[in-house]
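Enquirer: Sharing a structure here in structure tokens format.
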Amino acid sequence: MATLLIADHDGVRLGDATAKALTAARQIGAPVDVLVAGDGVAAIAAQAASLAGVARVLVAEGAVLANLLAEPLAELVIRITDAYTVIAAPATSAMKNALPRVAARLDVMQISDVTKVLAADTFERPIYAGNALETVRSDEAKRVLTIRAAAFPASEAGDANAPIEALPAPAASSTSRFVGADLSTSTRPELGSARIIVSGGRALGSAEKFDAVVAPLADRLGAAIGASRAAVDSGYAPNDLQVGQTGKIVAPELYVALGISGAIQHLAGMKDSKVIVAINKDPDAPIFQIADYGLEEDLFTAVPAMMDALA
Ligand SMILES: Cc1cc2nc3c(=O)[nH]c(=O)nc-3n(C[C@H](O)[C@H](O)[C@H](O)COP(=O)(O)OP(=O)(O)OC[C@H]3O[C@@H](n4cnc5c(N)ncnc54)[C@H](O)[C@@H]3O)c2cc1C
């Protein structure tokens with residue numbers, strides 16, 4: 001039996017999270033079909049078809065699927081689940097909305113936030129804000145998984161192009177409709193997929209100082225900006241920059257934490273970063289326990305010195 005991977009995308013490009021979730025789906029060991037749902041998504045389907053390890057791409061197009069609303073997407077998926085043992089998707093907002101509906105309709109449990117595929121029926125996932133790892137073996141006939149993209153490398157484009165097959169779109173849902181999207185725009189890398197992240201905490205003291213200290217360092221490093229919840233709650237940074245248990249889960253190659261204490265809820269969102277650099281003036285700050293490089297210093301002195309060194 002095969003695995004169905006539901007693609008997430010922004011209507012223009014296949015999301016990086018999908019290429020990462022594909023790596024996890026391939027580790028299950030069965031052929032992987034990718035479902036691309038949306039409106040005018042032929043180019044996205046072609047991107048999916050070029051990824052290594054994709055057996056087939058199924059494309060469903062129609063206005064009803066334009067914004068990946070959970071109800072029509074779940075309806076579409078349910079129609080084709082007979083052919084699949086595993087239904088997987090990256091743990092993005094859209095998919096975290098849709099997959100529980102699929103699991104409920106199939107009357108199986110969902111296995112959320114998979115960080116390791118140990119066998120076709122056995123998965124590892126974090127619980128208690130990442131403080132413990134749980135190994136889950138499922139004996140259900142169908143398995144519904146959301147994949148934590150940050151835990152897997154992206155599948156690259158392969159040599160072959162998988163066949164693309166069209167599916168009919170479902171009827172419009174009577175229970176939900178798309179009203180609008182209010183998206184923030186930035187020229188910086190996207191937080192969820194950035195190679196480098198510079199994050200600021202409560203220590204920055206104000207939105208002005210956050211912009212004056214964090215932004216130039218991020219720009220110098222070509223980094224995305226992140227923030228602790230305390231910085232967000234204090235209005236220093238917008239809430240889509242929050243990293244942590246109730247924010248974004250990230251695993252960049254380099255994470256620079258400026259004036260962040262390292263509360264477990266923050267660590268839950270960034271502790272899988274490859275290299276962690278922390279600047280904090282408190283030698284007992286918990287962030288130093290997970291930092292690869294720690295600098296015990298006032299960030300308002302250390303960051304300008306770093307800027308000079310990077311000039
Ligand atoms: C249910 C729940 C969910 C949560 N989810 C999240 C989440 O997703 N993300 C998240 O971040 N938090 C989350 N939190 C909040 C979390 O518990 C912490 O309160 C928060 O992370 C603290 O942010 P901070 O490190 O910026 O602030 P603080 O804990 O106040 O730390 C500030 C740090 O800056 C240092 N400092 C001060 N001045 C300077 C200076 N001039 N130079 C250098 N260092 C300095 C201090 O020594 C201190 O270590 C959650 C909490 C709960 C209860």
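Enquirer: At what distance in angstrom do the alpha carbon centres of region 255-275 and region 85-156 lie from each other?
Expert: Comparing the Cα centres of region 255-275 and region 85-156, I get a distance of 23 Å.
Enquirer: Right, here's the next one. Can you give the FRET efficiency to the nearest 0.05 for Ala2 and Lys209, using r as the Cβ-Cβ distance and R₀ = 35 Å?
Expert: Once the sixth-power term is evaluated, E becomes 0.10.
Enquirer: Placing +1 at every Lys and Arg Cβ and -1 at every Asp and Glu Cβ, with all other atoms neutral, what dipole size does the chain have around its Cα centre, in debye to the nearest 20?
Expert: 380
Enquirer: Shape call for region 119-176 from the C-alpha gyration tensor, a ≥ b ≥ c root eigenvalues: rounded (a/c under 1.5), prolate (a/b greater than b/c) or oblate?
Expert: Verdict is oblate for region 119-176.
Enquirer: Dividing the Cα radius of gyration by the Kirkwood radius, what Rg/Rh value follows for region 245-311?
Expert: 0.98
Enquirer: Give me, ordered by chain and number, the residues 5 or more places off Gly15 or on other chains with an amide H under 5 Å from its own placed amide H.
Expert: Under 5 Å from the amide H of Gly15 lie the amide H atoms of Asp8, His9, Asp10, each far enough along the sequence or on another chain.
Enquirer: Viscosity 0.692 mPa s, temperature 37 °C: what is the translational diffusion coefficient of the chain from Stokes-Einstein with a Kirkwood Rh over Cα pairs, rounded to a whole number of µm²/s?
Expert: 160
Enquirer: Here's a follow-up. Could you go through region 230-240 in sequence order and give the Karplus-derived ³J(HN,Hα) for each residue, using 6.51 cos²θ - 1.76 cosθ + 1.60 with θ = phi - 60°, rounded to whole Hz, and x for Gly and Pro?
Expert: For region 230-240, the Karplus curve yields 4, 5, 5, 4, 7, x, 7, 9, x, 6, 6 Hz.
Enquirer: Indicate, rounded to the nearest 5 percent, the antiparallel portion of the DSSP beta bridges found entirely in region 3-167.
Expert: Antiparallel: roughly 30 percent of the beta bridges in region 3-167.
Enquirer: Next up: What FRET efficiency comes out for the pair Ala83/Asp219, r = Cβ-Cβ distance, R0 = 41 Å, nearest 0.05?
Expert: FRET efficiency, Ala83 to Asp219: 0.30.
Enquirer: Less than 13 Å Cβ to Cβ from Ile249, Lys/Arg counted +1 and Asp/Glu -1: what total charge do the surrounding residues give?
Expert: +4
Enquirer: In nm², what is the average projected area of the convex hull enclosing the Cα atoms of region 3-167?
Expert: For region 3-167, the mean projected area of the Cα convex hull comes to 8.5 nm².
Enquirer: Please identify, among Ala212, Ala285, Ala49, the residue showing maximal mean-square fluctuation in a Gaussian network model of the chain using a 10 angstrom Cα cutoff.
Expert: Looking only at Ala212, Ala285, Ala49, the biggest GNM fluctuation is shown by Ala212.
Enquirer: Ignoring ligands, DNA and RNA, what percent of the accessible area of region 191-310 is carbon or sulfur (1.4 Å)?
Expert: That share works out to 50 percent.
Enquirer: Please give the contour-minus-distance gain from Ser173 to Lys281: 0.36 nm per residue of separation, less the Cα-Cα distance, rounded to one decimal in nm.
Expert: Once the chain is fully extended between Ser173 and Lys281, it gains 33.5 nm.
Enquirer: Measure of size requested: the Rg and Dmax of region 125-273, with Cα atoms as the atom set and Å as the unit; please supply both.
Expert: Answer for region 125-273, Rg first and Dmax second: 19.2, 55 Å.
Enquirer: Just give me a number: lysine pairs in the chain, eight or more positions apart or cross-chain, with C-alpha atoms less than 26 Å apart.
Expert: So the count of such lysine pairs works out to 22.
Enquirer: If you build a Gaussian network model of the chain, linking Cα atoms that sit under 10 Å apart, which residue out of Met270, Met95, Met109 swings the most?
Expert: Of Met270, Met95, Met109, the most mobile in the Gaussian network model is Met109.
Enquirer: Per residue of region 267-281, in order, report the coupling 6.51 cos²θ - 1.76 cosθ + 1.60 (Karplus, θ = phi - 60°) as ³J(HN,Hα) in whole Hz, putting x for Gly and Pro.
Expert: 4, 4, x, 9, 6, 8, 4, 5, 10, 10, 10, 10, 10, 7, 8
Enquirer: For region 172-234, state what percent of all Cα-Cα pairs lands in each successive 10 Å bin, counting from 0 Å until the bin that includes the largest distance.
Expert: Over region 172-234, the share of Cα pairs per 10 Å bin runs 20, 40, 21, 12, 7 percent.
Enquirer: In a GNM of the chain with a 10 Å cut-off on Cα contacts, which of Leu106, Leu58, Leu22 has the highest mean-square fluctuation?
Expert: For the chain, modelled as a Gaussian network with Cα springs under 10 Å, the answer is Leu106.
Enquirer: Round to a whole angstrom and tell me the spacing of the C-alpha centers of region 162-226 and region 56-83.
Expert: So the two Cα centres are separated by 25 Å.
Enquirer: For the chain, what is the accessible area per residue in Å², given a 1.4 Å probe and the full set of protein chains?
Expert: Counting only protein heavy atoms, the per-residue value for the chain is 47 Å².
Enquirer: For a quick check: with amide H placed at 1.01 Å from N, whose amide H comes under 5 Å from Val256's, ignoring anything fewer than 5 positions away on the same chain?
Expert: So Val256 has HN proximity to Ile197, Val198, Ser199, Val277.
Enquirer: May I ask for the longest run of the chain untouched by GluC sites (Glu not before Pro) that are loop-located per DSSP and have at most 15 neighbouring C-beta atoms (other than their own) within 10 Å?
Expert: 1-139
Enquirer: Quick check: residue separation of Asp308 and Asn239 times 0.36 nm, minus the Cα distance between them. What number comes out in nm?
Expert: 21.9 nm
Enquirer: Can I ask one more? For a quick check of understanding: with a 1.4 angstrom probe and all protein chains in place, what accessible area in square angstrom does Thr122 have, to the nearest ten?
Expert: 20
Enquirer: While we're looking at this one, here's another question. If you restrict to DSSP beta bridges whose two residues both lie in the chain, what percentage is antiparallel, to the nearest 5?
Expert: Roughly 20 percent of the beta bridges in the chain run antiparallel, per DSSP.
The values are calculated or read from the model by the stated rules, or taken from the named source; none is laboratory data. Quick caveat: nothing in here was measured; it's all calculated off a predicted structure. Here the Cβ is made from the backbone with ideal geometry for all residues, glycine too, and neighbour counts use every protein chain on show. Note: areas computed on protein heavy atoms with side chains; ligands, DNA, RNA excluded. Shrake-Rupley method; radii C 1.70, N 1.55, O 1.52, S 1.80 Å.
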